[in-house]
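Beneath this line is the structure, given in structure tokens, with notes to follow.
Bear in mind that the values in this text are calculations on the coordinates, not laboratory data. Just so it is clear, the structure is predicted and the values come from calculations on it, not from any experiment. Virtual Cβ from ideal backbone geometry, glycine too; neighbours counted across all protein chains shown.
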Amino acid sequence: MQKSVAIIGGGPAGLMAAEIISARGARVDVYDSMPSVGRKFLMAGKSGLNITHSDSFEVFVSRYGKRRSNIEPLLKVFGSDQLREWVHGLGIQTFIGTSGRVFPMGMKASPLLRAWLGRLTDSGITFHLRHKLTGMRPDKSLQFETPNGDVTVNADAIVLALGGGSWRRLGSDGAWAEWLKQAGVGIEALRPSNCGFDVAWSEHFREKYEGHPIKSVVLSFGEFRGQGEFIVTKEGVEGGLIYTASALMRDEIDAHGKAVMTLDLKPDRALEWLVDKLSRPRGKRSLASYLEKSLGIHSVKAGLLREFVSKEDFTNAERLAGFIKALPVPLIAPRPLDEAISSAGGVTFESLDENLMLKNMPGVFCAGEMLDWEAPTGGYLLTACFSSGVAAGNGVLKYLGSTVFNRKTQTSATNTSTSSVQVSRIDTDGKNKNR
């Protein structure tokens with residue numbers, strides 16, 4: 001008898017789980033609350049789809065912080081190399097950028113998603129759109145709200161891949177957290193990750209520099225030190241360099257009510273060089289003109305100094321040089337969860353077994369961003385989502401066992417350790433060799 005599997009959520013984790021399971025002959029139905037699947041995936045690739053990163057494995061797994069021990073086993077099965085091979089199997093080549101980030105040729109997400117959805121549809125997977133999951137009954141029947149009224153769905157196994165709590169407009173609203181918590185599942189509160197922060201800008205600075213990039217600076221916070229750029233916003237700061245340190249700064253604010261990041265505005269110059277330059281006679285030039293002509297500090301960087309350095313310190317060469325090398329910028333609060341690129345918190349790994357099945361709900365698996373982990377941008381987020389989808393798909397196959405499928409050509413589903421490899425062996429014409 002062919003068993004049925006319901007996948008809730010049409011993002012990378014849910015679709016990958018669907019592909020793994022369908023390849024072994026189960027009937028797979030994918031449900032998504034939006035009019036189309038993969039909306040956040042497409043948004044992530046709007047300015048260039050950073051699919052993964054070329055870091056060594058040891059460096060790669062270090063990006064997952066306190067949840068490294070939970071994510072590392074998943075990446076050992078389906079990590080960066082396997083993900084790139086899988087993308088190539090869809091007929092799309094990848095390349096490594098100068099930063100080590102990996103992109104598909106053409107940079108866009110839409111060709112990849114189209115090719116993937118075509119293959120999934122050809123495999124017999126059925127998609128049910130505008131189906132918003134509202135809860136699960138004790139018998140594990142699923143309750144959906146649809147344009148045509150409420151619907152109840154029963155399945156032999158379920159994969160929840162409902163996303164985190166950021167970008168509500170794309171379907172990730174975190175509404176699942178409350179009813180799963182009521183069902184006895186361990187849930188860490190959802191918090192913004194890879195987020196911007198509020199800064200108490202003066203009205204003058206805000207009006208003059210909103211939207212300006214601050215380039216080639218070093219941000220230090222605790223043990224973190226990173227070089228890059230970020231953007232001044234009306235409310236504060238956001239951008240790549242801020243996102244990289246955002247988890248540490250958010251946790252500091254949560255613990256102590258505030259955080260102060262330190263900026264080196266001239267990372268290519270030593271303190272002594274700056275002191276020497278600032279100690280020389282300026283002649284008739286103003287300090288602003290001298291900073292620009294002699295030190296290359298002007299526009300928004302000069303504005304930052306004016307914002308946080310007193311008039312007295314501005315006239316002291318040693319003090320001003322010290323602030324150029326280590327300017328403290330107080331952060332008030334992280335920006336709201338719905339504005340964040342991703343979210344921290346979610347279903348705790350302690351609530352799951354090694355196959356990502358809920359311990360108190362046999363047959364129900366979780367994957368993707370709804371799990372309690374976080375990582376910086378740079379391809380680490382997407383890789384872990386794909387990887388957890390593979391793990392949940394393999395977990396479903398193991399749970400259902402070897403006698404549940406009716407396709408005579410399929411191999412035993414109990415041999416689930418190879419299914420992730422099978423999915424990566426795909427001809428460039430879009431057909432799975434193992435199917």
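Quick one: work out the % antiparallel among DSSP beta bridges in the chain, nearest 5. The answer is about 75 percent antiparallel. With everything on Cα atoms, drop me the angle between helix 110-122 and the longest principal axis of the chain, reported from 0 to 90° to the nearest 10. Long axis of 110-122 versus the principal axis of the chain: about 10 degrees.
Rounded to the nearest whole Hz, the Karplus-based 3J(HN,Hα) values (6.51 cos²θ - 1.76 cosθ + 1.60, θ = phi - 60°) of region 191-202 follow the sequence 9, x, 9, 6, 10, x, 9, 7, 10, 7, 5, 6, with x at glycine and proline. Annotation: extensible slack from Lys284 through Lys140 equals 43.9 nm (criterion: 0.36 nm per residue apart, minus Cα-Cα distance). Computed 3J(HN,Hα) for region 270-275, one whole-Hz value per residue from the Karplus formula 6.51 cos²θ - 1.76 cosθ + 1.60 where θ = phi - 60°, is 7, 4, 4, 5, 5, 4, glycine and proline marked x.
Sorted on the mean count of surrounding Cβ atoms within 10 Å across their residues, most packed first, peptides 316-322, 391-397 read 391-397, 316-322.
Any of Lys215/Lys311; Lys108/Lys258; Lys215/Lys258; Lys215/Lys293; Lys66/Lys108 with alpha carbons more than 29 Å apart? Name them for me. Check vs 29 Å cut-off fails for Lys108/Lys258; Lys66/Lys108.
Against the main long axis of the alpha-carbon atoms of the chain, helix 68-77 sits at an angle near 50°. Bridging of Lys359 to aspartates and glutamates at a Cα separation below 20 Å is possible for Asp139, Asp156, Glu178, Glu188, Glu350, Glu369, Asp372, once same-chain residues fewer than 8 apart are set aside. Protection proxy ranking for 40-52, 16-28, 148-160, using the average of other Cβ atoms within 10 Å per residue and placing the highest first: 16-28, 40-52, 148-160.
For Met261, the residues whose modelled amide H falls within less than 5 Å of its own, excluding neighbours fewer than 5 places apart on the same chain, are Val329, Leu331.
How large is the dipole of the chain about the Cα centre if only Lys and Arg carry +1 and Asp and Glu carry -1, each at its Cβ, rounded to the nearest 20 debye? Working shown, then result.
Details: 53 positive and 46 negative charges, 203 e Å.
Rounded to the nearest 20 debye, it is 980 debye.
The C-alpha atoms of the chain define a longest principal axis, and helix 240-256 lies at about 90 degrees to it.
Grab the DSSP H runs of the chain that are 4 residues or longer, score each as -39,500 (n - 2.57), total them, divide by all residues and round the 222 nm result to the nearest 500 deg cm²/dmol.
Details: 16 runs with 150 residues, N = 435.
Calculated from helices alone, the mean residue ellipticity at 222 nm is -10000 deg cm²/dmol.
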